[in-house]
Structures are given as C-alpha cells and as structure tokens.
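The values are calculated or read from the model by the stated rules, or taken from the named source; none is laboratory data. Nothing here was measured: the structure is a model prediction, and the numbers come from that model. We place every Cβ from the backbone using ideal geometry, glycine too, and count neighbours over all the protein chains shown.
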Amino acid sequence: MNPTTVNKILVADDEIYMVRLLEMTFQKGGYDVVSCRDGKEALETAAQAKPQLIVLDIMMPGLDGLGALRHLKENPITQTIPVVVLSSKGHALTRVEAELAGAAIFLTKPFSPNQLLAEVHKILKPLTQ
C-alpha cells in the first residue's frame, strides 16, 4: 500500500463493543474508520464518505446487513465498493445470500481480528497500486 494513501473503511454494526473492536483493528492496520449503527445509516454514510471498503453486520435494527448490501450494490455510487459481511449466524444459507448479493468476504462471529485485517489488506492492496 502506498504510505500516502489512507484507505477509509465504513463499519456498520449495532453492537458498540463490536464497532470499537473493528475500529481498533482497522486503525492498527493504518486505516481511517467511519462507523454507524444500522443499515440505513450505512447507505447514507457510504454515499457521502465514499469508503474504499465496507464492513456490515447482518443483524441490525431497521435495515439489516443483507438489505443494506443489496442497496449498496444497486447504487452506482457504491456498487464497486467491496463489502465484508459479518454474522453471528453461520448458516450456509446466509453465507450464500451474502455472496449472491455481492459480498467480497463472509466471516462468522467470533472471528480473528488479525484474519479480518489480513483479508482487508488483500482486498485493498490491488486498489491502491
């Protein structure tokens, strides 16, 4: 990654401790982090902030992560942004739904923050070269 390029990551999760964990993980990796607490806010923030990557929790009040993912991929402003989906439900159907909706990665909670950071580096590195 070019040291002068700082990638912005949008984190959407309704659990404050998870938002803090993700913020610390990504900041440790050298990323700027913007956070929000639900899917509707994630859509608005993504269109305004134009992050290089979005992390969505599946289970959120109002518009859930899968719904937000579908909207993100339909919007010309956000459709090319890679999306990582996090879920406390490891159901195969949820994983398939997320992948069909356009998720770059699907991780089940609990997950390794180091693994997540490594996966994000893999996704973003080609975008910054």
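Miscellaneous remarks
- Of the residues making up region 110-121, those that are touching a strand residue (DSSP E or B) at 6+ places or on another chain (Cβ under 9 Å) and free of Cβ contacts under 8 Å to residues at least 40 places away in the same chain are PHE111, GLN115, GLU119.
- Complete set of residues in region 65-79 that are assigned to a loop (DSSP other than H, G, I, E, B) and surrounded by 18 or more Cβ atoms within 10 Å (Cβ to Cβ): THR78
Yes/no per residue for (1) aliphatic (A, V, I, L, M); (2) surrounded by fewer than 18 Cβ atoms within 10 Å (Cβ to Cβ); (3) closer than 14 Å to MET18 by Cβ:
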residue	(1), (2), (3)
GLN48	no, yes, no
LEU56	yes, no, yes
ILE81	yes, no, no
HIS91	no, yes, no
ALA101	yes, no, no
LYS109	no, yes, yes
HIS121	no, yes, no
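- Filtered residue count, region 11-42, keeping only those that are out of contact with any Gly (no Cβ under 9 Å at 6 or more places or on another chain) and crowded, with 20+ Cβ neighbours inside 10 Å: 7
- Only residues that are under 22 Å from GLN27 (Cβ atoms) and among the polar types (S, T, N, Q) were counted across region 65-116, and they come to 3.
- Extreme residue, nearest to the chain's Cα centre (by Cα), among residues of region 81-112 that are under 11 Å from ASP57 (Cβ atoms) and assigned to a strand (DSSP E or B): VAL84
- Selection within region 29-38 - under 14 Å from VAL19 (Cα atoms) and either small (Gly, Ala, Ser) or free of Cβ contacts under 8 Å to residues at least 12 places away in the same chain (or both): SER35
- Against the test of being over 13 Å from the mean Cα position of the chain (by Cα), without any contact (Cβ under 8 Å) to a residue 60 or more places away in the chain and under 21 Å from LEU124 (Cβ atoms), the options ALA12, ALA68, ALA47, ALA42 yield a single qualifying residue, ALA47.
Residue by residue, here is whether (1) among the acidic types (Asp, Glu); (2) part of a strand (DSSP E or B); (3) at pLDDT 95 or above holds:
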position: VAL6; (1), (2), (3): no, no, no
position: VAL11; (1), (2), (3): no, yes, yes
position: MET18; (1), (2), (3): no, no, yes
position: VAL34; (1), (2), (3): no, yes, yes
